[in-house]
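The values are calculated or read from the model by the stated rules, or taken from the named source; none is laboratory data. Treat the numbers as computed from the prediction; the structure is a model and nothing was measured. Using ideal geometry, Cβ is built from the backbone for each residue, glycine included, and neighbour counts are taken over all protein chains shown. Surface areas here come from the heavy atoms of the whole protein model, side chains and all, with no ligands, DNA or RNA. Shrake-Rupley method; radii C 1.70, N 1.55, O 1.52, S 1.80 Å.
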Amino acid sequence: MYLGITPSVTCSNSSRNEFSLILDKNPLVEFVEELPAGPSSPCYCNLLCGIIRGALEIMVHLAADVTFLQDRLKGDSVTEIGITFLKKLGEEKYRRKK
(Lines give C-alpha, C1' and ligand atoms only; values in the text may rest on other atoms or scores of the structure.)
Protein backbone atom coordinates (compact mmCIF):
# COMPACT_ATOMS: atom_id res chain seq x y z
CA MET A 1 0.00 0.00 0.00
CA TYR A 2 2.76 2.48 0.93
CA LEU A 3 4.77 1.66 -2.19
CA GLY A 4 1.80 2.09 -4.53
CA ILE A 5 1.74 -1.57 -5.60
CA THR A 6 -0.55 -4.52 -4.92
CA PRO A 7 1.13 -7.93 -4.58
CA SER A 8 -0.39 -11.27 -5.55
CA VAL A 9 -0.68 -13.73 -2.67
CA THR A 10 -0.03 -17.46 -3.14
CA CYS A 11 -0.30 -20.13 -0.46
CA SER A 12 1.74 -23.23 -1.19
CA ASN A 13 1.42 -25.52 1.82
CA SER A 14 -1.52 -27.38 3.35
CA SER A 15 -0.96 -26.18 6.94
CA ARG A 16 -1.61 -22.60 5.76
CA ASN A 17 1.17 -21.05 7.82
CA GLU A 18 3.29 -20.19 4.79
CA PHE A 19 2.58 -17.95 1.81
CA SER A 20 4.31 -15.74 -0.76
CA LEU A 21 3.83 -12.16 -1.85
CA ILE A 22 4.63 -11.73 -5.54
CA LEU A 23 5.47 -8.23 -6.74
CA ASP A 24 5.29 -7.77 -10.49
CA LYS A 25 6.82 -4.32 -10.10
CA ASN A 26 9.21 -3.41 -7.29
CA PRO A 27 9.64 0.36 -6.92
CA LEU A 28 12.89 -0.06 -4.95
CA VAL A 29 14.55 -1.53 -8.06
CA GLU A 30 14.52 1.91 -9.68
CA PHE A 31 17.09 3.20 -7.18
CA VAL A 32 19.76 0.54 -7.83
CA GLU A 33 22.02 1.10 -10.83
CA GLU A 34 24.09 -2.09 -10.94
CA LEU A 35 24.70 -4.99 -8.56
CA PRO A 36 28.25 -6.20 -7.95
CA ALA A 37 29.04 -9.51 -9.65
CA GLY A 38 28.96 -12.71 -7.64
CA PRO A 39 26.47 -14.91 -5.83
CA SER A 40 26.89 -13.05 -2.53
CA SER A 41 25.82 -9.67 -3.89
CA PRO A 42 23.76 -7.60 -1.44
CA CYS A 43 19.98 -7.78 -1.42
CA TYR A 44 18.93 -4.15 -1.42
CA CYS A 45 15.27 -5.03 -1.06
CA ASN A 46 15.72 -6.72 2.34
CA LEU A 47 14.26 -3.52 3.71
CA LEU A 48 10.85 -4.85 2.66
CA CYS A 49 11.38 -8.09 4.63
CA GLY A 50 12.23 -6.12 7.75
CA ILE A 51 9.19 -3.89 7.40
CA ILE A 52 6.85 -6.87 6.97
CA ARG A 53 8.42 -8.81 9.84
CA GLY A 54 8.30 -5.80 12.15
CA ALA A 55 4.68 -5.01 11.32
CA LEU A 56 3.62 -8.60 11.97
CA GLU A 57 5.47 -8.68 15.27
CA ILE A 58 4.47 -5.28 16.66
CA MET A 59 0.98 -4.79 15.23
CA VAL A 60 -0.39 -8.35 14.97
CA HIS A 61 1.76 -10.16 17.58
CA LEU A 62 2.93 -12.88 15.19
CA ALA A 63 6.52 -14.07 14.91
CA ALA A 64 7.37 -14.74 11.27
CA ASP A 65 10.30 -15.67 9.06
CA VAL A 66 10.35 -13.32 6.05
CA THR A 67 12.83 -13.97 3.20
CA PHE A 68 13.35 -13.18 -0.44
CA LEU A 69 12.71 -16.15 -2.72
CA GLN A 70 13.13 -14.33 -6.05
CA ASP A 71 14.48 -10.88 -6.83
CA ARG A 72 14.20 -8.90 -10.07
CA LEU A 73 17.59 -7.33 -9.36
CA LYS A 74 19.15 -10.80 -9.58
CA GLY A 75 17.56 -11.66 -12.92
CA ASP A 76 14.26 -13.26 -11.83
CA SER A 77 11.04 -12.33 -13.62
CA VAL A 78 9.28 -11.20 -10.42
CA THR A 79 10.08 -10.28 -6.84
CA GLU A 80 8.79 -12.93 -4.43
CA ILE A 81 8.81 -12.61 -0.65
CA GLY A 82 8.19 -15.77 1.38
CA ILE A 83 6.47 -15.48 4.77
CA THR A 84 6.28 -18.32 7.29
CA PHE A 85 4.37 -17.83 10.54
CA LEU A 86 6.32 -19.24 13.49
CA LYS A 87 4.19 -18.55 16.57
CA LYS A 88 1.76 -16.16 18.21
CA LEU A 89 3.50 -13.81 20.63
CA GLY A 90 2.16 -12.88 24.05
CA GLU A 91 0.49 -9.49 24.12
CA GLU A 92 1.83 -8.60 27.57
CA LYS A 93 5.26 -7.98 26.02
CA TYR A 94 3.86 -5.09 23.99
CA ARG A 95 1.51 -3.44 26.47
CA ARG A 96 2.40 0.04 27.62
CA LYS A 97 3.54 0.50 31.19
CA LYS A 98 1.31 2.90 33.13
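Observations on the model:
- Net charge, S8 excluded, C-beta distance under 13 Å - Lys, Arg +1, Asp, Glu -1: -1
- Under 13 Å, Cβ to Cβ, from C45 - net charge with Lys/Arg +1 and Asp/Glu -1: -1
- Accessible surface of E57 - all protein chains present, 1.4 Å probe, nearest 10 Å²: 50
- Net charge, Q70 excluded, C-beta distance under 15 Å - Lys, Arg +1, Asp, Glu -1: -1
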